[in-house]
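*Asks:* Below you'll find the structure I mean.
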Amino acid sequence: MADRVTVIGWDGSPLTRAATAALSAATLVAGAAHHLALPEVPRNAERIRLGSVDLAARRIAGHRGSAVVLADGDPGFFGVVRTLRAPAHGLEVEVVPAVSSVATAFARAGMPWEDAQTVVAHPRTLRRAVNVCRAHHKVAVLTSPGAGPAELALLLEGVHRTFVICEELGTDRERVTVVTSDTAADHVWRDPNVVIVIGGGPERQEGAWIAGRHPAYPQGVRGWALPAGAYPDPGARPEGESGEGEGPVLRAAQLAHLGPRTGDLVWDIGSGGGALAVEAARFGAAVLAVDSDPAACARTTAAARAFGVQLQVVEGRAPHVLERLPEPDVVRIGGGGVPVATAVADRKPERIVTHASTRDEAEALGAALAANGYTVACSLLQSVELDTTAWSERERTVVFLLSALRSDLAP
């Protein structure tokens, strides 16, 4: 019985000596149709059209002889190697890599890619892949049927991006096309393809020391839950706005309960000066900052620019403006009371945080969230800011913090 399999990457270039030697000795070869048509595949070898890698692995484990699997690009990078190495199959894997399709796509585009995010889009993960495209300047998307360039473009409605679409890389039918996201859905694209999604700000020009997204620290600023003075125009609040949602202590607690992460979409309703929206974006999440005041929207835009993060500002009054927004993962409600909390709960995000200045208001919000399928916790937060030159009290804030977890996710 076979307990060893050689996995050969193929990028369209001539096979290496090691790959040719492994193929010449193979009695079983698995791969896509274009792999099995390669002249190096032995004529008498058993051939498996690669669909389910698990099924192929079981066939390989039961085969008496030498087995080879052919795969596009680098099979160890979002490829078949992970599945073949699963303990259930008991296979020892030897890999002969080729240039990955992501590296090839960026080479065709003539772009560096150490600063790019890489995601895999399947129908079940497409929304999260789109959220990464919302949040980051440069993303390589490995697509699949039903989760291709057209579907990416449709879910990015309202967010302008440039698509570099690389179809059938390494084959005679290879094609590279540059389109805008608002026109990508007007075309039919061939599988397999890689989509480089670019936009939302200028490309970083400085050299990188770590792959992926750079930590978003402006000059001289480090940390989270930054004081209001770290943001542009901290004192410019609309008349009548208390600014309770802007305080660093409450903001830190809200972010801790939300836990925004890469692939999430955060709604920040009543974004005010944009401090929470910016900090959620610094965690790598996609953010929609919603506010009815044009000046607040402008401050949020300025704060995002100052911190070098991507977020989308939506001017409008909740709850009505929420009807046209894409589905959120977590939501912070900065105002609007029970009607907004109810409207948000109807969209079923995983977590909701909000705050209240009185116990009656907190009880009303908690009851509304609980009635709509959430398990609610509430804490009374008291923050006292001290003047350390005299150790005297400078400012005191007392607020009720409500955190709601969708009941089907509650422990």
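The values are calculated or read from the model by the stated rules, or taken from the named source; none is laboratory data. Remember, it's a predicted structure, so these values are computed and weren't measured experimentally. With ideal geometry, Cβ positions are generated from the backbone for all residues, glycine too; neighbour counts draw on all protein chains shown. Remember, those area values only see protein heavy atoms, side chains included, never the ligands or the DNA or RNA. Shrake-Rupley method; radii C 1.70, N 1.55, O 1.52, S 1.80 Å.
*Asks:* Check the range 134-144 and report whether any residue there is outside any strand (DSSP E or B), under 11 Å from the mean Cα position of the chain (by Cα), closer than 25 Å to Q312 by Cβ and without any contact (Cβ under 8 Å) to a residue 60 or more places away in the chain. Explain how you work it out, then say what you get.
*Replies:* Quick first cut of the range 134-144, residues outside any strand (DSSP E or B) only: 134-137, 143.
Going one step further and asking which of them are under 11 Å from the mean Cα position of the chain (by Cα), we end up with 134-136.
Then keep just the ones that are closer than 25 Å to Q312 by Cβ; that gives 134-136.
From what's left, without any contact (Cβ under 8 Å) to a residue 60 or more places away in the chain: none.
Taking every residue of the range 134-144 in turn, none turns out to be outside any strand (DSSP E or B), under 11 Å from the mean Cα position of the chain (by Cα), closer than 25 Å to Q312 by Cβ and without any contact (Cβ under 8 Å) to a residue 60 or more places away in the chain.
*Asks:* Does the range 357-411 hold any residues that are in contact with a helix residue (DSSP H, G or I) (Cβ under 7 Å, 6 or more places away or on another chain) and among the aromatic types (F, W, Y), and which are they?
*Replies:* Passing the criteria: Y374, F400.
*Asks:* Ok, one more. Taking interchain pairs and intrachain pairs at least six residues apart, which have beta carbon atoms under 6 angstrom, with the first residue in the range 91-112 and in contact (Cβ under 8 Å) with a residue 12 or more places away in the chain and the second polar (S, T, N, Q)?
*Replies:* E94/T6; V102/T118
*Asks:* Just to be sure I understand the filter: pairs with C-beta atoms under 6 Å, separated by 6 or more residues or on different chains, first member in the range 10-28 and small (G, A, S) and in a helix (DSSP H, G or I), second member modelled with pLDDT of 95 or more and open to solvent by less than 40 Å² (accessible area, probe 1.4 Å). Which pairs pass?
*Replies:* A18/V96; A19/I8; A19/V96; A22/T6; A22/V68
*Asks:* Follow-up question, since we're still on this one. How many residues are of a type in the set (S, T, N, Q) and within 30 Å of R108 (Cβ to Cβ) when one looks only at the range 6-51?
*Replies:* 4
*Asks:* Right, A296: in contact with a helix residue (DSSP H, G or I) (Cβ under 7 Å, 6 or more places away or on another chain) and either over 24 Å from A377 (Cα atoms) or open to solvent by less than 30 Å² (accessible area, probe 1.4 Å) (or both) or not?
*Replies:* So A296 does not fit the description; no.
*Asks:* While we're looking at this one, here's another question. Inside the range 28-54, can you point out the residues that are farther than 21 Å from E168 by Cα and open to solvent by 60 Å² or more (accessible area, probe 1.4 Å)?
*Replies:* If the condition is that a residue be farther than 21 Å from E168 by Cα and open to solvent by 60 Å² or more (accessible area, probe 1.4 Å), then R43, N44, E46, R47, D54 are the ones that fit.
*Asks:* Same structure, new question: Could you grab me the full set of residues in the range 115-132 that are in a loop (DSSP other than H, G, I, E, B) and out of contact with any Phe, Trp or Tyr (no Cβ under 9 Å at 6 or more places or on another chain)?
*Replies:* Taking the range 115-132 and keeping what is in a loop (DSSP other than H, G, I, E, B), we get 115-116, 121-125.
If the condition is that a residue be in a loop (DSSP other than H, G, I, E, B) and out of contact with any Phe, Trp or Tyr (no Cβ under 9 Å at 6 or more places or on another chain), then D115, A121, H122, P123, R124, T125 are the ones that fit.
*Asks:* Exactly one condition in (1) open to solvent by less than 40 Å² (accessible area, probe 1.4 Å); (2) part of a helix (DSSP H, G or I); (3) small (G, A, S) is not met by A107; state its number.
*Replies:* (1)
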